[in-house]
Amino acid sequence: MTYIPEALRRLVAERAGGRCEYCRLHEDDTFFTHEVDHIYAEKHDGPTAEWNLCVACSDCNRNKGSDICSLDLETGEVVALYQPAATAGVSTFSLPIPAWSSP
Ligand SMILES: [Zn+2]
């Protein structure tokens, strides 16, 4: 596990406002503490930088793992799981429901 400086961890947490940045679950609504996740995993050379970090609930973080794409079940196309700030040029995520998320 990579060390994430406390100031960077705090910046990402404040940006998220207590919510998982993947599914939007608020930390108050779960038994587990949210985690800071590398959007692009370190094994894919994802850096420990604000644009590549997000707050994730334990379910999203566990299910996402180091994946960065999946198959769209309706179209069969390979799609990015998220449009992180790095590619969208904005400080928020677009939020399609993750492929592993069940209502
Ligand atoms: Zn989540």
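Taken together, the values in this text are just the output of simple stated rules run on the coordinates, not laboratory data. Fair warning: this is a prediction, and the values are worked out from it, not measured in the lab. Methodologically, a virtual Cβ is constructed for each residue, glycine included, from the backbone with ideal geometry; neighbour enumeration extends over all protein chains shown.
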Using R₀ = 22 Å, calculate the FRET efficiency as 1/(1 + (r/R₀)^6) where r is the Cβ-Cβ separation of residue 42 and residue 78; round to 0.05. 0.50
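With Cβ to Cβ distances under 13 Å as the rule, what net charge do the other residues near residue 32 carry (K, R +1; D, E -1)? Mind showing how you got there, number by number?
Working: positive: 62; negative: 27, 28, 29, 35, 59.
With Lys, Arg at +1 and Asp, Glu at -1, the net is -4.
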Within 12 Å, Cβ to Cβ, of residue 17, how many net charges do the neighbouring residues add up to if Lys/Arg are +1 and Asp/Glu are -1? -1
Net charge around residue 55, counting only other residues with Cβ within less than 9 Å of its Cβ (Lys, Arg = +1; Asp, Glu = -1)? -2
Where the convex hull is taken over the Cα atoms of region 6-88, what is its projected area averaged over directions, in nm²? 6.0
For region 6-88, give the magnitude of the charge dipole about the Cα centre (Cβ charges: +1 Lys/Arg, -1 Asp/Glu; no others), in debye to the nearest 20. 160
